[in-house]
Amino acid sequence: MKNGVGVAINRTGATIVDIARKLGVSAMTVSRALRGSQEVSDRTRRRVLRCAEELGYKPNRWARSLVTRQTSIIGVVVPDISHSFFAEVTRGLEEVVSRAGYNVLLCDSWLDVEKEKAEIEMLVSSMVDGLVIASEQSETSPQVFRKLKDSKIPFVLIDRFFPKQSFLAVVVDDLEVGRLATEHLVELGHTRIAHIQGPPISPASLRHRAYLDALRRHQIEVNRQWVRKGRFDIQSGREAMFALLGTKPRPTAVFAGNDPMGIGALYACREAGLRVPADISVVAAGNIEGAHHPNPFLTTIDWPREELGRAAGSLLLASIQEGSDQATDRVKKFAPRLLVRQSTAPPSA
């Protein structure tokens, strides 16, 4: 701060003071000209802009944000940055917000609820203009997001939502995900169908509920020992599958709540000397092998990840720019589809 004027220092170029000295005007006049203020004449503004270009001046985003209270940055928190699902979601999101002049600051919570809270707090203190969050908080613990809402900080949940809360969210129809996966196994002739359930977040609970509903609809026994908990990662899928393989009778098919747990289940079957799908079928959800994998193997449920990101970006921009947080359709759902590949088959004789 110099003479009451905020000086934006650029380490690779000129400053506002350098421009002011060269033109023989005040730093305040330069600052106003760069901001497009009507208090500066068109002639002076043109002189300032021409000089700024000649000197290689670039505005300091963070210094400007102290004045405007806007950073043109969207904070994004995902549980696993290496997961192709979240990479594609983020790509779709960035496509939309970048066209509106925003940049994305991406954080990875590592599937850790406390780290997620710390990252949200960091992004808020950095004055991001809005947040998109794929939360790992239990669906019964929405306190973090109530606080954001009470503080009037725009945010959109993605691939998650909290029952009984009116937060903006973009999700897949997870009941349909569970129904498609379980019905596929039933249609193949399986009756001993296990489920590897995810953590206590909305996708896992809804897919589990659909699994139970599908079995009851087809009058198939719901065997509680065939439901095991996982954490939506490969290792927990592997551990859960080993537990299932130790039950008697052993299931002939497994619906894993997401693809990483499904891949872990495949590893466990291979380590146990079982053939998939000849000895046991596995279906999962998320299509992380995608269209680019040279030999996609896992039967899975697919939905448009980039579209989820685009929808979240559009919803957040509307909330930021138009104050449309009171949108009628607060939860936007996308329909999933079944992708039948090589990991499912009728039960062996």
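Brief remarks on what is shown
- Per residue, the convex hull volume that the Cα atoms of the stretch 146-224 enclose (Å³): 96 Å³
- Highest average packing first - 178-191, 218-231, 269-282, 133-146, Cβ atoms within 10 Å: 178-191, 133-146, 269-282, 218-231
- Here the chain is assigned +1 on the Cβ of each Lys and Arg and -1 on the Cβ of each Asp and Glu. Its dipole about the Cα centre then comes out at about 980 debye.
- Global geometry of the stretch 174-303, whether rounded, prolate or oblate, following the gyration tensor of its Cα atoms and the 1.5 cut on a/c: rounded
- Charge tally in the Cβ shell below 13 Å around residue 260, where Lys, Arg are +1 and Asp, Glu are -1, residue 260 excluded: -3
- With the charge dipole of the chain set up from +1 on Lys and Arg Cβ and -1 on Asp and Glu Cβ about the Cα centre, the Cα lying farthest toward the positive end among the listed residues 301, 161, 230 is that of 161.
- One chain, two ends: residue 114 and residue 72. Fully extended at 0.36 nm per residue, the span grows by 12.5 nm beyond their Cα-Cα distance.
- Full-extension gain in nm, residue 235 to residue 164, via 0.36 nm per residue minus C-alpha separation: 22.4 nm
- Net charge, residue 234 excluded, C-beta distance under 12 Å - Lys, Arg +1, Asp, Glu -1: -2
- The relative contact order of the chain comes to 17 percent, based on Cα pairs under 8 Å that sit 6 or more residues apart.
- For the listed peptides 17-30, 147-160, a ranking on the average number of other beta carbons within 10 Å per residue, highest first, reads 147-160, 17-30.
- Note on residue 46 and residue 81: the extension gain reaches 8.2 nm, defined as 0.36 nm multiplied by sequence separation minus the Cα-Cα distance.
- Over all directions, the projected convex hull of the C-alpha atoms in the chain averages 21.6 nm² in area.
- With Cα atoms, 0 to 90° folded angle of helix 259-271 axis to the chain main axis: 40 degrees
- Theoretical ellipticity at 222 nm over the chain - DSSP helices of four or more residues, -39500 (n - 2.57) apiece, nearest 500: -13500 deg cm²/dmol
- With both residues required to sit in the chain, DSSP beta bridges show an antiparallel share near 10%.
- In nm, spacing of pseudo-spin labels at residue 186 and residue 98 (7 Å Cα→C-beta vector): 4.4 nm
Taken together, the values in this text are just the output of simple stated rules run on the coordinates, not laboratory data. What you see is a predicted model, and the numbers here were worked out from it, not measured in a lab. Cβ atoms come from the backbone with ideal geometry, glycine included; neighbour counts cover every protein chain shown.
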